[in-house]
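The values are calculated or read from the model by the stated rules, or taken from the named source; none is laboratory data. Keep in mind that this is a model prediction, so the values were computed, not measured. So basically every Cβ, Gly included, is an ideal-geometry build from the backbone, and we count neighbours across all protein chains shown. When the accessible area is computed, the model is the full protein with side chains, heavy atoms only, and any ligands, DNA or RNA have been set aside. Shrake-Rupley method; radii C 1.70, N 1.55, O 1.52, S 1.80 Å.
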Amino acid sequence: MPDLPARETYWSVARHPNRPTSVQIFYALGWWEDFGDVWLGLGDHRGDSEFVIVEAHHIGMTQWVVDYVTYSAHHNVPAFHATQTRPWDGVEYVATFRGRPRVWVARSKHANYFSQYWCDLGAFGFDTCDAPNATTDVELFADRNLGNEFDSFAPGGPSTRLLDCRPSMLGRPGQECFWTANRFKGWSGATPDSGPYKDVLFSFAF
C-alpha cells in the first residue's frame with residue numbers, strides 16, 4: 001500500500017480580509033485517495049481534500065515573509081479536527097527563515113501538521129510522520145489558479161472565479177469542483193468521500 005498516492009494541486013490568492021497589506025495563498029492538495037491509518041487501514045476513503053494556507057506580506061519591492069500558516073488536519077471532522085493556524089515564530093522552514101514553510105504530512109492520511117511531533121500525536125495517535133519517506137515541494141501551475149469568490153481588491157465586489165469543475169490532469173475519471181459544493185472524491189466518482197473545497201474556501205474568505 002503506497003503512502004503517497006498521486007495528488008492534483010490547485011491554488012488561490014486573496015488579499016487578507018482583515019489585514020489589507022497581507023495576502024493569503026490557498027493550496028488545495030487534492031489527494032486521489034486516503035488509505036486510512038497505517039496500522040489497520042481504518043477510515044480509508046476516496047478523495048482527500050486537504051489544504052495549506054500561507055499568509056505573507058512584502059518587505060521591500062520583491063521580498064515576502066511568512067506571517068501565518070494554516071495546516072489542515074482532519075478539518076471539521078468531529079473528534080479528530082486539529083486544523084491549526086500558526087504564527088511565523090511557530091512554523092518550521094525549509095531553508096530561509098520566514099521563507100518556505102515545512103509541512104509534515106501524515107502517512108496514508110495526509111493530515112498536515114507544523115511539526116513531526118504533533119503529527120505523531122494527531123488523531124489520538126492514529127496519524128504518524130515516523131520514518132518520513134518522501135520530501136517534495138508543492139506544485140504551483142499557472143493554469144490551476146482557482147481565482148476568488150469575492151473580489152479581494154474590492155470587498156463585496158463581483159466574483160472572480162477562474163476555475164471550478166475540472167477533469168483530472170492525470171487521466172483519472174470524472175471531475176472535481178472547487179466552488180460548487182460537491183463532495184470531493186479524488187477524481188474517481190466513488191464513495192465514501194471527503195468534504196467539499198467550497199466550504200473551506202468560503203470560511204477563509206477566498
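Of note:
- Net length gained if the chain between M61 and F141 were fully extended (0.36 nm per residue, minus Cα distance): 26.5 nm
- Mean-square fluctuations from a GNM of the chain, with a 10 angstrom spring cutoff on Cα atoms, peak among H81, H110, H45 at H81.
- For the chain, size of Cβ-based charge dipole, Lys and Arg +1, Asp and Glu -1, in debye: 400 debye
- Accessible area per residue for the chain is 51 Å², calculated with a 1.4 Å probe on protein heavy atoms, without ligands, DNA or RNA.
- Cα gyration tensor category, rounded, prolate or oblate, for the range 164-206 with a/c compared to 1.5: oblate
- The string of couplings for the range 56-72 from the Karplus curve (6.51, -1.76, 1.60, θ = phi - 60°) is 8, 9, 9, 10, x, 7, 10, 8, 10, 10, 6, 9, 9, 9, 9, 10, 6 Hz, one whole number per residue in order, with x for Gly and Pro.
- Accessible surface of the range 68-206 [probe 1.4 Å, protein heavy atoms]: carbon and sulfur percent: 57 percent
- Ranking Y27, Y71 from most to least accessible surface, computed with a 1.4 Å probe over the protein chains only, gives Y27, Y71.
- Sites E92 and S188, calculated FRET efficiency, Cβ-Cβ separation with R0 30 Å, nearest 0.05: 0.35
- Spatial extent of the range 96-197: Rg and Dmax, with the Cα atoms as the point set, Å: 17.1, 47
- Spatial extent of the range 37-158: Rg and Dmax, with the Cα atoms as the point set, Å: 16.3, 51
- Cut-off under 5 Å, modelled amide H: who pairs with D193 long-range: none
- Rolled with a 1.4 Å probe across the full set of protein chains, the surface gives F80 an accessible area near 80 Å².
- With one equal scatterer per alpha carbon and no solvent term, the Debye-computed log10 I(q)/I(0) for the chain at 0.14 1/Å reads -0.83.
- Annotation: amide H of S22 within the under-5 Å range of H16, sequence separation 5 or more or interchain, hydrogens built in the peptide plane.
- 3J(HN,Hα) along the range 29-40, derived from phi through the Karplus expression 6.51 cos²θ - 1.76 cosθ + 1.60 where θ = phi - 60°, amounts to 8, x, 6, 5, 7, 9, 8, x, 5, 6, 9, 10 Hz, with x in place of Gly and Pro.
- For the range 135-141, 3J(HN,Hα) per residue [Karplus equation, 6.51 cos²θ - 1.76 cosθ + 1.60, θ = phi - 60°, Hz, x = Gly/Pro]: 10, 8, 8, 6, 5, 9, 9
- Potential lengthening between F202 and A134 on full extension [0.36 nm per residue; Cα-Cα distance subtracted]: 21.3 nm
- Placing unit charges on the Cβ atoms of the charged side chains and taking the dipole of the range 49-206 about its Cα centre, the candidate lying farthest along the positive direction among T62, A134, F97 is A134.
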